[in-house]
Structure formats: structure tokens, C-alpha cells
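Written below as C-alpha cells is the structure these notes are about.
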Amino acid sequence: MIEFDWNNIQSRMICIENIVSNVNADKLFVSLIMEVEKKSISIKKEFTIGEIAELIPIGTAGINNKATYGFSMMSMMSGQKHREYFVFKNMALRNEFTGVCNNRDRNNYYWSQKYSDEKLSINPKYLRV
């Protein structure tokens, strides 16, 4: 697992200036890019949501609380706070995740329980390559 420090991001792939926030969802996204780079996975790969969760499991970026991690994952995939970190095969998912995130009575693991096999790729907007 990756320790996270905004001041010491070691990645040639991420365009950090395009990330407008620095909360847990954003830390998970940066950690994902760093893990993809570390494991020499193609940055253009089409991932499933489940594969992304395997690359950045609970504990990544110091997010150890299960509820916080679940919400942060869904928020990372949502459109909250102008996030567009992923290009979904099913583009309606970003809006669906945003709606769930905005609901106070939400299921923080909705993304994994219902959409673990859905495909997405990293939005090139956030990459240097």
C-alpha cells in the first residue's frame, strides 16, 4: 500500500495541477495512478471497478475506516467537485454515483455491490502521457 503525502508525489504520469481538490477521493485517484505506474500497467488499460478496488484497497492513502473508504471510492468515480477522473463505458454511472454520494442515507458500497464489473478507463485529462 502507498503512503500518501501531497508534497512528495512520485509519479511521472499524473498531471497533479488538474486535480482541484485534495480530499480522500482525490488521494485515492492519485494513489491509483501511482500504483498503476509502479506495477507497469498500461495507463490506457480499461479497468473494471473491482480491479481498481484491488489496486487501491482500504488502507490506501491512510484511509482505514471502512465507511470512509467506501464513500471515497464512490466519490472518486462520481462527478462531485468537478471530478472527471474516469471515462466510463456506461457514461450514466458518473451521474448515478454522484446522486448516491449526495444522499445522506447512502450505501457507501453501492459501487462495489452493484457495479464491480463495470468498465472504465482513466481520463487522459489527468495524465502527462
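Taken together, the values in this text are just the output of simple stated rules run on the coordinates, not laboratory data. Model, not experiment: these values are computed from the prediction. For neighbour counting, all protein chains shown are included, and Cβ atoms are generated from backbone atoms with ideal geometry for every residue, glycine included.
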- Task: Tell me which of these Ala61 doesn't satisfy, since it passes every other one: (1) outside any loop (DSSP other than H, G, I, E, B); (2) surrounded by fewer than 19 Cβ atoms within 10 Å (Cβ to Cβ); (3) without any contact (Cβ under 8 Å) to a residue 60 or more places away in the chain; (4) small (Gly, Ala, Ser).
- Result: (2)
- Message: Every residue in the stretch 66-100 that is over 19 Å from Leu55 (Cβ atoms), under 14 Å from the mean Cα position of the chain (by Cα) and either part of a helix (DSSP H, G or I) or hydroxyl-bearing (Ser, Thr, Tyr) (or both), please.
- Response: Gln80, Lys81, His82, Arg94, Thr98
- Task: Using the structure shown, decide if Lys45 is closer than 25 Å to Cys15 by Cβ, in a loop (DSSP other than H, G, I, E, B) and basic (Lys, Arg).
- Result: yes
- Note on the structure: A careful count of residues in the stretch 101-113 that are part of a helix (DSSP H, G or I) and either in contact with a helix residue (DSSP H, G or I) (Cβ under 8 Å, 6 or more places away or on another chain) or on the phi > 0 side of the Ramachandran plot (or both) gives 4
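Take the stretch 79-108 and flag every residue that is free of Cβ contacts under 8 Å to residues at least 40 places away in the same chain and in contact with a Phe, Trp or Tyr (Cβ under 8 Å, 6 or more places away or on another chain). Walk me through it before giving the result.
Narrowing the stretch 79-108 to residues free of Cβ contacts under 8 Å to residues at least 40 places away in the same chain: 79, 86-88, 90-107.
Once the filter is applied, which keeps residues that are free of Cβ contacts under 8 Å to residues at least 40 places away in the same chain and in contact with a Phe, Trp or Tyr (Cβ under 8 Å, 6 or more places away or on another chain), the stretch 79-108 yields Gly79, Leu93, Arg94, Phe97, Val100, Cys101, Arg106.
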- Note on the structure: Taking the stretch 109-123 and keeping only residues that are without any contact (Cβ under 8 Å) to a residue 60 or more places away in the chain and either over 14 Å from the mean Cα position of the chain (by Cα) or under 18 Å from Arg12 (Cα atoms) (or both), one is left with Tyr110, Gln113, Lys114, Asn123
